[in-house]
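Shown next, in structure tokens, is the structure this report addresses.
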Amino acid sequence: MRIAILPVLAAIAAAPAFGAEPRPEVSREPAAPQAVGAVHTLRQIPEACARIEGVFTGDDAEPYRFAVVRTGPACQARARFVDFDRAGPSEATGWKFNDLVRVPRADCPSQQAVVRIWRRPVEQAPELDGQGRARIYLEESLQAAAAGRTAPVPMYAARMEVEGAACR
């Protein structure tokens with residue numbers, strides 16, 4: 001009886017380490033170091049009409065603060081930004097680890113803000129008519145919305161943590 005070792009070794013090498021974080025869809029270098037009090041953009045998500053802003057506070061109790069800010073009042077969102085704790089994103093529930101943003105503190109490089117962004121995609125294949133075009137009719141859309149039959153939209157969620165020791 002021969003045992004095929006090569007396929008077993010390949011499967012072990014391809015599997016993520018136990019408890020290891022999945023690889024994000026977007027790969028990026030750490031951001032430029034930011035000074036305390038300087039508000040900076042961490043990531044823009046145009047389809048959700050949002051950007052994530054952060055700031056180092058200099059306060060030991062809350063060293064970094066971030067917020068999701070609407071980009072403009074006229075922007076028509078095609079995705080939603082939801083609360084991370086309520087959504088509980090994980091790959092097992094259909095979410096994808098989208099982005100990992102690291103921002104070091106300028107006066108204390110050992111401390112950095114780490115923002116993990118998750119995305120829940122929705123396959124939205126438009127229905128085509130007899131001419132091969134996707135058409136949306138206002139009256140039908142209003143009736144569907146009134147009946148609670150709205151199409152699902154992609155969602156985003158973000159969680160922030162501060163890593164490293166505070167400098168004195």
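Each value in this text was obtained by applying a stated rule to the coordinates, not by laboratory testing. For clarity, every value in this text was computed on a predicted model and none was experimentally measured. Here the Cβ positions follow ideal geometry from the backbone for every residue, glycine too, while neighbour counts run over all protein chains shown.
General remarks:
- Relative contact order of the chain: 22 percent, from C-alpha pairs under 8 Å at least 6 residues apart in sequence.
- Net charge of Cβ neighbours under 10 Å - reference residue 36; Lys, Arg +1; Asp, Glu -1: -1
- Relative to the Cα centre, the charge distribution of the chain, modelled as +1 at Lys and Arg Cβ and -1 at Asp and Glu Cβ, gives a dipole magnitude of about 260 debye.
- Two-site FRET efficiency, residue 53 against residue 150, from Cβ-Cβ distance with R₀ of 30 Å, rounded to 0.05: 0.55
- The alpha carbon gyration tensor of segment 58-126 gives principal lengths a ≥ b ≥ c with a/c of 1.5 or higher and a/b greater than b/c, which makes the shape prolate.
- Within the listed set 94, 148, 37, the residue fluctuating most in the Gaussian network model of the chain (springs between alpha-carbon atoms under 10 angstrom) is 148.
- Sorted peptide list for 76-85, 129-138, 22-31, 105-114, criterion being average Cβ within 10 angstrom, highest first: 105-114, 76-85, 22-31, 129-138
- A crude spin-label estimate for the pair residue 134 and residue 27, with each label 7 Å from Cα along the Cβ direction, gives 3.0 nm.
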